[in-house]
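Step one of this worksheet: look at the structure below.
Read-outs throughout are calculated quantities, based only on the coordinates presented, and are distinct from any laboratory measurement. For clarity, every value in this text was computed on a predicted model and none was experimentally measured. Neighbour counts run over all protein chains shown; Cβ positions are idealised from the backbone, glycine included.
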Amino acid sequence: MNRIEKKFNELKENNKKALITYITAGDPSIEKTEQLIYAKERAGASIIEVGIPFSDPLADGPIIQKAAQNALNNGIKLKDIFNCIERVRKNTEISMVFLVYYNTILAYGIKEFVDKCEEIGIDGFVIPDLPLEEQDEIIPYIKKNNVALIPLVAPTSKERIKDVVEGKKGFVYCISSLGVTGMKDGFYEEVDEFLKTVKKHTDLPIAIGFGISSREDVERFTPYVDGVIVGSAIVKKIHETKGDIEEVEKFIYSEFSVSM
């Protein structure tokens, strides 16, 4: 059992839901990234999703795209992110997962990447551009380590949901809409039924993300899920406040944590 599983078990015992918050590593700086992780934990985050900047983040909307570009413009390197996580892990046991595009893993070396993540204390991966049919390359290395490959399911997954979640660990990342992160064109009209369908196919906790940007959104979904994932709204706040730690912490606590 890794930190993700322990956290969801703990929350279930206390009749609470997980608040999963996203941050782009290196935006506005790698030093601020470390401090923002601690701030998110203080604000009530259960799990931190750390985005590894990539030049073509296909699943992300304009806000997170901008964050990734800021980090790349700052000269952020993978080794800087690893070093940051190592420092964080000395100070907290909060669960952390990487959102990482597969080319980054391939360039580093699949085995080497998974082993390094286990070494520094990363608990799982969200890999948006790795389809089910191509996961065989990484799964053997993940099984040797205590990390989880977080399955992504969308309303369009339909009959594939059962296969996507089979044999996975951690939690299921349910996508609330048909767009990219941060879009506010509305949630998928049959999203409640979609979440119920996911529940039928797995005993894993399910969490919903994409477009969760207010307390109302959180309260809208908590009856149906085990956790909510908030990304663009927090990244936007980081940009608006120029990375002010106290302001970001207050925002997360008042807008999201109190609803959990």
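Hey, what number do you get for the chain at 222 nm if only DSSP H runs of n ≥ 4 count, each worth -39500 (n - 2.57), divided across all residues, to the nearest 500?
-13000 deg cm²/dmol
As an exercise, use a Förster radius of 22 Å and the Cβ-Cβ distance of Asn91 and Glu119 to find the FRET efficiency, rounded to the nearest 0.05.
Approximately 0.85, to the nearest 0.05.
Find which of Val172, Thr197, Asn145 sits farthest along the positive direction of the dipole of segment 140-260, computed with +1 on the beta-carbon of Lys and Arg, -1 on that of Asp and Glu, about the Cα centre.
The residue sitting farthest along the positive end of the dipole is Asn145.
Apply the a/c threshold of 1.5 to the C-alpha gyration tensor of segment 89-139 and tell me whether it is rounded, prolate or oblate.
prolate
Under a point-charge model restricted to the Cβ atoms of Lys and Arg (+1) and Asp and Glu (-1), what is the dipole moment magnitude of the chain relative to its Cα centre, in debye to the nearest 20? Mind showing how you got there, number by number?
Values: 34 positive and 42 negative charges, 93 e Å.
Here the chain has a charge dipole of around 440 debye.
Choose one of Pro223, Gly209, Ser55: the residue whose Cα lies farthest towards the positive end of the charge dipole of the chain (beta-carbon charges +1 Lys, Arg; -1 Asp, Glu; about the Cα centre).
About the Cα centre, the residue reaching furthest to the positive side is Pro223.
What's the center-to-center distance, using Cα atoms, between segment 62-120 and segment 156-170 in Å?
25 Å
In which sequence would Cys84, Cys174 go, from the one with the fewest C-beta neighbours within 10 Å to the one with the most?
So the ranking, lowest neighbour count to highest, is Cys84, Cys174.
Counting only Cα atoms, I'd like the Rg/Rh figure for segment 3-259, Kirkwood definition for Rh.
Using only Cα positions, Rg/Rh for segment 3-259 is 0.92.
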